[in-house]
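The values are calculated or read from the model by the stated rules, or taken from the named source; none is laboratory data. The shown structure was predicted, so the numbers you read here are calculated from the model rather than taken from an experiment. Cβ sites come from the backbone with ideal geometry, for glycine too, and all protein chains shown count toward neighbours. Side chains included, ligands, DNA and RNA excluded: accessible areas come from the protein's heavy atoms. Shrake-Rupley method; radii C 1.70, N 1.55, O 1.52, S 1.80 Å.
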Amino acid sequence: MKTIVICSGGLDSVSLAHKVAAEHELCGLLSFDYGQRHSKEVGYAADCAKRLGVLHKVVDIRAIGAALNGSALTDDIDVPDGHYAEETMKITIVPNRNAIMLAIGFGMAAAEKADAVAVAVHGGDHFIYPDCRPEFIDAFQVMQNEALDGYADVQLYAPYVNISKAQIVEDGAKHNTPFGDTWSCYKGGERHCGRCGTCVERREAFHLAGVEDPTDYADPDFWQAAIEGAQ
């Protein structure tokens with residue numbers, strides 16, 4: 001499949017980009033600036049595109065992001081520490097974010113005669129983020145079939161939707177993903193904080209996968225206490 005990968009620059013989407021490059025035809029990476037405080041991640045997506053030898057497009061939707069207020073990722077609200085299992089992590093939801101990004105991605109794929117749009121949603125996100133669930137992926141495909149009827153046939157490729165982040169690490173390692181050249185931390189500092197939900201999830205995933213974690217965390221040991229507290 002000639003595939004465009006929606007790539008934030010995070011571990012999941014960069015691993016997906018390497019997977020698509022190995023197994024399909026990667027024709028480009030698509031990133032979004034929606035006003036996220038961790039916008040430095042987009043630079044990692046650019047590095048990934050250069051490494052894989054494809055075009056990288058960044059779409060500025062900051063005005064849209066500003067309208068989707070109330071999220072710790074876009075507003076002046078503290079990103080909470082702790083495991084994703086905690087109720088507080090719902091403050092990191094940006095409503096309809098994936099739906100908006102995918103709609104743009106499908107429009108671009110149709111215009112560029114691509115066969116698929118790939119997205120790295122995974123099983124660990126289901127209980128917090130509704131637009132990461134299999135039901136959303138299936139419904140979005142149905143909607144796009146109607147939206148592009150008679151003009152283009154674009155598939156939504158979401159190979160991680162039913163697997164864990166640890167399994168993504170395993171898959172990424174199989175495809176030689178340079179994990180040190182990815183960014184996960186929602187706080188967007190100079191180093192991964194080691195305390196926010198994405199940092200805890202990232203650290204745990206490497207541990208469960210049995211893969212060495214090259215990430216530089218400001219607090220490299222917090223993840224264990226966070227996981228024990230969530231159980």
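Go through V211, V161 for me and flag whichever is among the hydrophobic types (A, V, I, L, M, F, W, C), crowded, with 17+ Cβ neighbours inside 10 Å and out of contact with any strand residue (DSSP E or B) (no Cβ under 8 Å at 6 or more places or on another chain).
Only one candidate passes the filter, namely V161.
Kindly list the number of the only condition in (1) at pLDDT 95 or above; (2) crowded, with 19+ Cβ neighbours inside 10 Å; (3) at negative phi that fails for L68.
(1)
Taking segment 48-66 on its own, how many of its residues are more than 20 Å from Y34 (Cβ to Cβ) and not hydrophobic (A, V, I, L, M, F, W, C)?
Summing the residues that are more than 20 Å from Y34 (Cβ to Cβ) and not hydrophobic (A, V, I, L, M, F, W, C) in segment 48-66 gives 3.
So which of A218, A226, A205 ends up being surrounded by 15 or more Cβ atoms within 10 Å (Cβ to Cβ), of a type in the set (G, A, S) and either under 15 Å from the mean Cα position of the chain (by Cα) or within 19 Å of V14 (Cα to Cα) (or both)?
Answer to the selection: A205.
Filter segment 142-158 down to residues that are farther than 21 Å from H24 by Cα and in contact with a helix residue (DSSP H, G or I) (Cβ under 8 Å, 6 or more places away or on another chain) and give me whichever is surrounded by the fewest Cβ atoms within 10 Å (Cβ to Cβ).
By that ranking, first place goes to Y151.
Which pairs turn up if I take residues in segment 51-62 that are closer than 12 Å to M108 by Cβ and touching a residue at least 40 places away in the same chain (Cβ under 8 Å) and look for partners that are open to solvent by less than 70 Å² (accessible area, probe 1.4 Å) and of a type in the set (V, I, T) with beta carbon separation below 9 Å, at least 6 apart in sequence or on another chain?
K57/I4; V59/I104
Return the only residue of A139, A114 being open to solvent by 30 Å² or more (accessible area, probe 1.4 Å) and either farther than 21 Å from A21 by Cα or of a type in the set (G, A, S) (or both).
Just one listed residue meets the conditions, A139.
Among the residues of segment 157-172, are any of a type in the set (V, I, T), over 30 Å from G107 (Cβ atoms) and at pLDDT 95 or above?
yes
When you go through (1) at pLDDT 95 or above; (2) in contact with a strand residue (DSSP E or B) (Cβ under 9 Å, 6 or more places away or on another chain) one by one for D33, which number turns out not to apply?
With respect to (1) at pLDDT 95 or above; (2) in contact with a strand residue (DSSP E or B) (Cβ under 9 Å, 6 or more places away or on another chain), D33 is out only on (1).
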